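Heads up: the structure comes next, in C-alpha cells.
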Amino acid sequence: MAEGETITYTVTANGAVTEDTTFTVSVAGSDLGGAATSAAATDCDLSATSVTFAEGAADGSTQTFTVTAN
C-alpha cells in the first residue's frame, strides 16, 4: 500500500447480536518475505480501533473502518 492509499475493511455480523459485542482490530506491517521493509504502527493513520455491534443488531449488520498509509 503506497503512501496516501487507503483500505476499507467491512465486518459483518453472522447472526443476530444478542448483547453488545466489541472487538479490537490491530493493523500490523509485513516485510513481504524480505521484499520490503516491515511497516510500523506509525506507517498507518489507524493502527488499532474497536468495532462494536450493539445488542439487537440484525444478522448481516456491518461496521467499517479505514486504514490510510502515511
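Report, by residue number, each residue of region 13-29 that is open to solvent by less than 80 Å² (accessible area, probe 1.4 Å), modelled with pLDDT under 85 and assigned to a loop (DSSP other than H, G, I, E, B).
Val27, Gly29 - these are the residues of region 13-29 that are open to solvent by less than 80 Å² (accessible area, probe 1.4 Å), modelled with pLDDT under 85 and assigned to a loop (DSSP other than H, G, I, E, B).
Write out, first by first residue and then by second, each pair whose Cβ atoms fall under 9 Å of each other, whose residues are 6+ apart or on separate chains, and whose first residue, in region 48-70, is on the phi > 0 side of the Ramachandran plot while the second is open to solvent by less than 40 Å² (accessible area, probe 1.4 Å) and of a type in the set (Val, Ile, Thr).
Filtered contacts from region 48-70: Gly56/Val17.
So, Gly33, is that one part of a loop (DSSP other than H, G, I, E, B) and either surrounded by 12 or more Cβ atoms within 10 Å (Cβ to Cβ) or at pLDDT below 75 (or both) or not?
On the way: part of a loop (DSSP other than H, G, I, E, B): no; either surrounded by 12 or more Cβ atoms within 10 Å (Cβ to Cβ) or at pLDDT below 75 (or both): yes.
So Gly33 does not fit the description; no.
The values are calculated or read from the model by the stated rules, or taken from the named source; none is laboratory data. A quick note: this is a predicted structure, and the numbers were derived from the prediction, not measured. Because the Cβ atoms are built from the backbone with ideal geometry, glycine has one as well, and the counts that use them run over all protein chains shown. What goes into the accessible areas is simple: the full protein's heavy atoms, side chains included, and nothing from ligands, DNA or RNA. Shrake-Rupley method; radii C 1.70, N 1.55, O 1.52, S 1.80 Å.
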